[in-house]
Amino acid sequence: MMMLAAYVAATVLLIPAEQLVFGFLSLAACIFFVATDEEVKVRRRMGVLLGCVVILGLCDINTSLSNENFLQVGIPFTLVIGGPFLIAQYTDRNVIRYRFWPKVWRKHDVIYTIISIPLAWLILKGYIWGNQALFDDELLRHWTMPKEPDQNAIKRLFIGINLVGIWDELFFVNTVYALLRSLFSYKIANAMQAVLYTAVLFDMAFTGLGVFIVFYFAWTQGHMFEKSESLLWVLIVHLIVDYILVAMIVQNYYPDYGYDYLWRKGF
């Protein structure tokens, strides 16, 4: 448990808090606990996850839509997906698996995916209102858009948010959760991946109530992945949320725009 506590501390201190001194002290403590663990697989897999935390902790995670930022954020984001997968192919084959189609088609997954549409709208609306009321924080202004409607800017916003959304599930669920689940119980693994999920998204834009909302969303995504052993449903649900989020950002800047923002003016 000391190892997991140190891992959580390093994650929170290095990524959203940006407290490098205390973050690396917590990281050093976690490395000690990992290195002295009797299980080889614990040392190897937790070592991979600690490397990911370091990379993300040193990355300037932000919502800029510039080409430079796409590259600046895209490279470390790619490394924390590609690195663990390549290492696993040589050391822990089949721990990280890119399985898109479910082994079993469960009606619960279909129903949850359908109701995620109104749920996403309702929760995002509540999140926006709550942040303004409790934290004086305008969530939707974390993404900067031109003063006048610009279809290219809207297109970049849509692509950027959806790329991050896909990355979220490939990394937090398909990589982090998969590695943790191979070592710990479902509850521990899911809670731990949700901590990292929340830390990164808080650092990116989802401040205020985002701590609670993102953590719960991450937990439900991990739960769906656990039951279906498939990326299909978690990706669909996440992209539904992202579509609605982009619509709300666009409407916040350009009130005349609706949920048809994708097909306006020859998108």
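Which members of segment 138-180 meet the condition of being part of a helix (DSSP H, G or I), at pLDDT below 95 and either at positive phi or among the charged types (D, E, K, R) (or both)?
If the condition is that a residue be part of a helix (DSSP H, G or I), at pLDDT below 95 and either at positive phi or among the charged types (D, E, K, R) (or both), then 141, 155, 156 are the ones that fit.
Tell me the residue from 104, 110 that is at pLDDT below 90 and either aliphatic (A, V, I, L, M) or in contact with a helix residue (DSSP H, G or I) (Cβ under 8 Å, 6 or more places away or on another chain) (or both), please.
104
Within segment 44-60, does at least one residue satisfy the condition of being assigned to a loop (DSSP other than H, G, I, E, B) and not hydrophobic (A, V, I, L, M, F, W, C)?
Yes, because at least one residue in segment 44-60 is assigned to a loop (DSSP other than H, G, I, E, B) and not hydrophobic (A, V, I, L, M, F, W, C).
Among the numbered criteria (1) within 14 Å of residue 158 (Cβ to Cβ); (2) touching a Ser or Thr at 6+ places or on another chain (Cβ under 8 Å); (3) of a type outside the set (Lys, Arg); (4) surrounded by 20 or more Cβ atoms within 10 Å (Cβ to Cβ), which one does residue 240 miss?
(4)
Out of all the residues in segment 4-46, which are farther than 30 Å from residue 205 by Cβ and either of a type outside the set (Val, Ile, Thr) or in contact with a helix residue (DSSP H, G or I) (Cβ under 6 Å, 6 or more places away or on another chain) (or both)?
Within segment 4-46, 32, 33, 34, 35, 37, 38, 39, 41, 43, 44 qualify.
Looking at residue 19, is it modelled with pLDDT of 90 or more, in contact with a Leu (Cβ under 8 Å, 6 or more places away or on another chain) and either surrounded by fewer than 16 Cβ atoms within 10 Å (Cβ to Cβ) or of a type outside the set (Asp, Glu) (or both)?
Yes: the conditions hold for residue 19.
What about residue 121, is it modelled with pLDDT of 95 or more and out of contact with any strand residue (DSSP E or B) (no Cβ under 6 Å at 6 or more places or on another chain)?
So residue 121 passes the test.
The values are calculated or read from the model by the stated rules, or taken from the named source; none is laboratory data. Just so we're clear, the structure is a prediction, and the values are computed from it rather than from any experiment. Glycine also receives a Cβ, built like all others from the backbone with ideal geometry; neighbour counts cover every protein chain displayed.
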